Amino acid sequence: MQRRVALLLVVLSLALNAAFVTGWAFRVLPSLLQREDSAATDSIWCPLHRRLAVTRTQWRLIEPRLIQFQKAARGVCKDVNRSREELIRLLAESEPDMEAVGAKREQILAGQRRMQGLVVDWLLAEKEALNPEQQGRLFELLRHRAGCAGHAPIAGPLRGGPSCTALESETLGEPAPNE
């Protein structure tokens, strides 16, 4: 009995970690931005890139990749969440099928690896578009926010969608007002 309880706790811990890591990836990156002059950033909707003070030329390179990343990450997140719900359903059964539980755990881990791959690929592409100073700021912000932050997607307005959210003001200073 103790073994089952311990296994249940490990599985639930992994599921929660998957949810928090996915949430972190969606929330932290967009909110790390510094605001440029309003005229220069009107078309730069993502607070991360405002925080990094990207130019319009840089933004033209970054935006399509960011939108592509968002769409791919949403798909992976949905898959991981679906697997997580299935795992919880399996664990809730009176006699959990431990083979099925193990297979579901592997599905969740595979989803986490896919998400991690997406994030790494996106960061490497992002790095190419940034100058050395911006790169340094980006990675410094990531180092300070690499824990389990809340969960909200890196959501820019995909024309009519939600905009990127800012991190808490105590972390980055007050968010710049929309002008």
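The values are calculated or read from the model by the stated rules, or taken from the named source; none is laboratory data. It should be emphasised that the depicted structure is a prediction, and the values quoted were computed from it without experimental measurement. Glycine also receives a Cβ, built like all others from the backbone with ideal geometry; neighbour counts cover every protein chain displayed.
Structure values in brief
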{"item": "Identity of the residue in segment 41-77, within 16 Å of GLU133 (Cα to Cα) and either of a type in the set (Ser, Thr, Tyr) or touching a Pro at 6+ places or on another chain (Cβ under 8 Å) (or both), that ends up modelled with the lowest pLDDT", "result": "LEU48"}
{"item": "Failed criterion for GLY136 (all others in (1) more than 24 Å from GLY75 (Cα to Cα); (2) over 17 Å from the mean Cα position of the chain (by Cα); (3) crowded, with 18+ Cβ neighbours inside 10 Å hold)", "result": "(3)"}
{"item": "For ARG105: the one exception among (1) under 13 Å from the mean Cα position of the chain (by Cα); (2) crowded, with 16+ Cβ neighbours inside 10 Å; (3) of a type in the set (Lys, Arg)", "result": "(1)"}
{"item": "Flag if ALA53 is in a helix (DSSP H, G or I) and of a type in the set (Gly, Ala, Ser)", "result": "no"}
